[in-house]
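The values are calculated or read from the model by the stated rules, or taken from the named source; none is laboratory data. Everything quoted here is computed from the prediction, not taken from an experiment. Because the Cβ atoms are built from the backbone with ideal geometry, glycine has one as well, and the counts that use them run over all protein chains shown. These accessible areas exclude ligands, DNA and RNA; they are computed on the full protein's heavy atoms, side chains included. Shrake-Rupley method; radii C 1.70, N 1.55, O 1.52, S 1.80 Å.
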Amino acid sequence: MTLKACKKEEKMDREFQRKFKFEGSINVLTRMMVDPAATEKRGGAKNLPLRRGEILDVIQFTNQEQILCRNSQRRYGYVPRAVMLPL
């Protein structure tokens, strides 16, 4: 990775921590896949856009209905648990 890419990732991580009031280091707990039968959804203010079959990094299991995830473009957001499948 170049220095510029590292700086960009650090900036995105800081922005994530501020936006979601996340404290501590960002650790990936596990990886899960979006259900291929689920409908694709646009992202919202704090929701991650969903694509069928996409593999997401799970950052935090927030509650019974949502999971805080990161996609391959290093975007963060909430995803409904109902559309997630374990790998």
Problem set entry | Arg18 vs. criteria assigned to a loop (DSSP other than H, G, I, E, B) and at pLDDT 85 or above | no
Problem set entry | Top-ranked residue in the range 31-44 [being in a strand (DSSP E or B) and open to solvent by 70 Å² or more (accessible area, probe 1.4 Å); ranked as farthest from Glu10 (Cα to Cα)] | Lys41
For this session: Using the structure shown, decide if Ala5 is touching a helix residue (DSSP H, G or I) at 6+ places or on another chain (Cβ under 9 Å), small (Gly, Ala, Ser) and at pLDDT below 90.
Result: no
